[in-house]
2 protein chains.
Amino acid sequence: MDCVRLDPSDNVVTATRSLAANTAIESVQTSGLIPSGHKIATASINQGEAVRKYAQVIGFASQDIASGEHVHTHNVAFRATDADYEFATDLRPVTAVPEHERDTFMGFRRDNGSVGTRNYIAIVTSVNCSATAARMIADHFTPDVLADYPNVDGVAAFVHGTGCGMAGDGDGFEALQRVMWGYARHPNHAGVLMVGLGCEMNQIDWLLDAWGLKQGPLFQTMNIQNVAGLRRTVELGIEKVAAMLPLANQAKRTACPVSELKVALQCGGSDAWSGITANPALGYACDLLVAQGGTGVLAETPEVYGAEHLLTRRAIDRAVGDKLIALIRWWEDYTARNRGSMDNNPSPGNKKGGLTTILEKSLGAVAKGGTTPLTGVYRYAEQVTARGFTFMDSPGYDPASVTGQIAGGCNLVCFTTGRGSAFGSKPSPTIKVATNTEMAVRMSEDMDVDAGTILSSGVSVAEKGREIYDLFLRVASGEASKSEAQGLGDYEFVPWQIGAVM
Amino acid sequence: MDCVRLDPSDNVVTATRSLAANTAIESVQTSGLIPSGHKIATASINQGEAVRKYAQVIGFASQDIASGEHVHTHNVAFRATDADYEFATDLRPVTAVPEHERDTFMGFRRDNGSVGTRNYIAIVTSVNCSATAARMIADHFTPDVLADYPNVDGVAAFVHGTGCGMAGDGDGFEALQRVMWGYARHPNHAGVLMVGLGCEMNQIDWLLDAWGLKQGPLFQTMNIQNVAGLRRTVELGIEKVAAMLPLANQAKRTACPVSELKVALQCGGSDAWSGITANPALGYACDLLVAQGGTGVLAETPEVYGAEHLLTRRAIDRAVGDKLIALIRWWEDYTARNRGSMDNNPSPGNKKGGLTTILEKSLGAVAKGGTTPLTGVYRYAEQVTARGFTFMDSPGYDPASVTGQIAGGCNLVCFTTGRGSAFGSKPSPTIKVATNTEMAVRMSEDMDVDAGTILSSGVSVAEKGREIYDLFLRVASGEASKSEAQGLGDYEFVPWQIGAVM
Ligand SMILES: [Ca+2]
Ligand SMILES: [Ca+2]
Ligand SMILES: [Ca+2]
Ligand SMILES: [Ca+2]
Ligand SMILES: [Ca+2]
């Protein structure tokens, strides 16, 4: 297959390999060399007419384009989205699977009704100053020590570089406290020990007060300064975790409906194929999940920039759409204040790979979210309470984005990658989907799914999407994803640091 | 001793315990309750007259103050420093110890002439995406594996949360590349392995190009994407480090002059005593070091804010002073852009502890730098090339500040703390100095020096400073500091993240 067509109404297709001049493509002939991943006009497009891909306008011809011609920045112009957003005008009906016919997975049902896919004891730190203490406590619980507790997946330390030298209010502080709270009450955690220094800005006690958390056998807090030093903190922390283990080990997997799955949709190290193979396949899996009453959480606000008007049309109501617009405005201000810009996309590398406009790039990223209505928009690390397809504010940067998604309650992560990422996460495992077969083969020990077969073997997006969905259920039920089997996830906890470090 | 006097010319002294009314203090009697750490007028101060502490003006009486009265925010006003900075007007001569009489320590002399106090192999990461790979490589080198290499102090992984999702130029990017370069060429590293993912913004190759670094037996780089996955990266990384060990083990300690010591001066978790006990004692040690031709590196720009005019007077020339003023202006802009302020000091907690004005607070922090001329001012993580007392731009936040100081070449860290910090660092060990005896006793396993004895036992600042200086030489020669003996330093590498995370 020399090219891929994403929608019957498109007037461009994408070359799947480098094509010489005069190659036959659908009903046209290429009029010059077309690099792999670049677009070819399948009809003549007059100056000013729309260029369509994904059944969407990705730009306008800046000169007449003949059929068979290379379509790229030299003959396509981008016009900024006008501010007249539409709301709820593109709500495609979801054919919901009746409750009694729903798929199930084997999960850990918690007392508060939430469902975990794993059963960890977490050591959550408030500040970098307690990082070593937390690691030393967790390091005590080797596989040998844990052998008597087969239902416990491990003792995980969540350690980071922030928590002090920051403002004690505002976006950055609130985001960090939401992350801590989200990990403290995550359904994949049977027990939680919070460890602080004592004098940090990000006070554990404030958090407890703000969220009404109470200490108990499976939720404990401690500060190094109160305990009087590192060694005693580590000793006492080990005692506290050891006391949690028999209780945590009582948790058992039971059949739970897929509506209890909350899947983080993520991409990193994208390439020209991300928006054509892996992302649409993940989108299809997300549609299947939503039909079952489950939840998909798209994130990475800078990567939907320019396509937000498509998401507002999918918003179930104006309030949900307005939240998204507010996030976009916040980001414009945030990057401007930090002397950056939201308009530096597509990057030179993206363009070289064949992406012509920011809208085309964002459409490829948004494809991870499938086609169902947008039911909720959340701040970074906020608890995701809506079912269905949702959006969470976050940077595109993988570890910071996934940390927010997990804090929001995601109990599974699905991550598409083109360049090849070695990402993994705790307490929610990450499934990795390769966008191209070359990388899937080369990094076969890291990739769970090869979506490159959509191009290399003619597998349909629907087939690949079903494969991904089926893997959701198996991994949610306890099968180790590849990143999980390799032991990743201990060093990828990165709360988004927003404000000045002082 | 009920109070402490910092200079004969001061018109206030500081209560070392809570004093009832009518307590005799020097030649006066307290006229009301004086909380511990708060100031008492030892002479009458008329409205508008200067309040003097540290032989400096810390504010002006906002009403007439009788001798024996409590001096604090209710009767002291602060006038902002006027912008007429003076340069090189307060250069106190240093009585240099002749070269042949200089103290020595046992250090690792490197081929380029620099001197290490430790002999590590470092695994430096460009991005969070290679964090687990780096940790897995380092974790292979257990004490058993290293037993054959007694001259090697360990294999240390420097792992962090940034490196992508950031602008590819500007302050934040440049700071991160300086950190990486500083760790790559640090004299405490016998060998360095750099590990990246491949597609990150912070490219290892750009770094090598920019600084002219060449791969060799003791300097290697690798990317997960090129090596084709996590497992093979870890295997190959272990091979590369294993090949470095016999070479690194050839390094031997030899007698080196103290002029090769570069000491990071740091404070964290300060209290009302920091500026009275530990900081002046460390300043005295710094003066001894400078007399020997060595280097002290003060940092934490937000904590010298308000006292920068005293440092410009100590600057050896206008150019050095102007650099400091430029940093102050940069910080005013940085915090304003991030909706913070440089003027939120002293904090409510500081005021409760007895600190009345920002100048009083900053004078206490600057006391760590002793009294000698300011010979150089550096950007964050920039190589410190001047000898003597120097300043490096950094946040006050301990791990970010020390990371910059170590990147700048500091081969020893001295850290004063009042509340009690469990900080430790690699590859340069941290000595911790307690500001008060209560905490020094309570956290005795973490504190190397109790400077609280200046208050509790009448030890002089000079005696305590000499004790700290002597400890510099012992720890530089290989004696483990308390934080080092406890194994700290693997999780405290925190490059200052300046810009937006995108
Ligand atoms: Ca992405
Ligand atoms: Ca991402
Ligand atoms: Ca050794
Ligand atoms: Ca400080
Ligand atoms: Ca500090």
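The values are calculated or read from the model by the stated rules, or taken from the named source; none is laboratory data. As the structure is a computational prediction, the values presented were derived from the model and not from experiment. Methodologically, a virtual Cβ is constructed for each residue, glycine included, from the backbone with ideal geometry; neighbour enumeration extends over all protein chains shown.
Remarks
- A:G168 meets all of the listed conditions (1) part of a loop (DSSP other than H, G, I, E, B); (2) buried (at least 22 other Cβ atoms within 10 Å of the Cβ); (3) within 14 Å of chain B (Cβ to nearest Cβ) but one, namely (2).
- Among the residues of the stretch A:438-472, those identified as within 14 Å of another protein chain (Cβ to nearest Cβ) and either in a helix (DSSP H, G or I) or hydrophobic (A, V, I, L, M, F, W, C) (or both) are A:E438, A:M439, A:A440, A:V441, A:R442, A:M443, A:M447.
- Tabulated pairs, the stretch B:405-416, first part of a helix (DSSP H, G or I), second among the basic types (K, R), C-beta under 9 angstrom, 6+ apart or interchain: B:Q405/B:K262; B:I406/B:K426; B:A407/B:R178
- Looking across the stretch A:186-208, the residues that are away from chain B (no Cβ under 13 Å) and either modelled with pLDDT of 95 or more or assigned to a strand (DSSP E or B) (or both) come down to A:H186, A:P187, A:N188, A:H189, A:A190, A:G191, A:V192, A:L193, A:M194.
- One residue alone among A:I40, A:I65, A:I25, A:I45 is at pLDDT 95 or above, under 29 Å from A:M1 (Cα atoms) and in contact with a Cys (Cβ under 9 Å, 6 or more places away or on another chain), and that residue is A:I40.
- Of the listed requirements (1) at pLDDT below 95; (2) not in a loop (DSSP other than H, G, I, E, B), B:T356 misses just one: (2).
- Taking the numbered list (1) touching a Pro at 6+ places or on another chain (Cβ under 8 Å); (2) among the acidic types (D, E); (3) part of a loop (DSSP other than H, G, I, E, B) in turn, A:E382 passes all entries but (1).
- Annotation note: of A:R79, A:R118, A:R92, the sole residue that is part of a loop (DSSP other than H, G, I, E, B) and either touching a Cys at 6+ places or on another chain (Cβ under 8 Å) or surrounded by 20 or more Cβ atoms within 10 Å (Cβ to Cβ) (or both) is A:R118.
- Scoring B:S421 on the criteria (1) buried (at least 20 other Cβ atoms within 10 Å of the Cβ); (2) hydroxyl-bearing (S, T, Y); (3) more than 14 Å from chain A (Cβ to nearest Cβ); (4) within 30 Å of A:E235 (Cβ to Cβ) leaves a single failure, condition (3).
- Only listed residue being away from ligand 4 (no atom under 16 Å from the Cβ) and either touching a helix residue (DSSP H, G or I) at 6+ places or on another chain (Cβ under 8 Å) or aliphatic (A, V, I, L, M) (or both), chosen from B:V366, B:V297, B:V304, B:V290: B:V290
Yes/no per residue for (1) more than 14 Å from chain B (Cβ to nearest Cβ); (2) surrounded by fewer than 24 Cβ atoms within 10 Å (Cβ to Cβ); (3) under 17 Å from the mean Cα position of the chain (by Cα); (4) among the hydrophobic types (A, V, I, L, M, F, W, C):
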residue: A:G294; (1), (2), (3), (4): yes, no, yes, no
residue: A:R314; (1), (2), (3), (4): yes, no, no, no
residue: A:K323; (1), (2), (3), (4): yes, yes, no, no
residue: A:A326; (1), (2), (3), (4): yes, yes, no, yes
residue: A:W331; (1), (2), (3), (4): no, yes, no, yes
residue: A:T335; (1), (2), (3), (4): no, yes, no, no
residue: A:R339; (1), (2), (3), (4): no, yes, no, no
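- Each residue in the stretch A:401-422 was checked for being within 19 Å of A:Y183 (Cα to Cα), within 11 Å of ligand 1 (Cβ to nearest atom) and not β-branched (V, I, T), and 1 of them qualify.
- Some residue of the stretch A:300-309 being assigned to a loop (DSSP other than H, G, I, E, B) and either within 16 Å of ligand 3 (Cβ to nearest atom) or within 30 Å of A:V155 (Cα to Cα) (or both): yes
- A:D144 being of a type outside the set (S, T, N, Q) and either within 14 Å of chain B (Cβ to nearest Cβ) or surrounded by fewer than 17 Cβ atoms within 10 Å (Cβ to Cβ) (or both): yes
- Filtered residues of the stretch A:347-365 (kept if surrounded by fewer than 22 Cβ atoms within 10 Å (Cβ to Cβ) and within 14 Å of chain B (Cβ to nearest Cβ)): A:S347, A:P348, A:G349, A:N350, A:K352, A:G353
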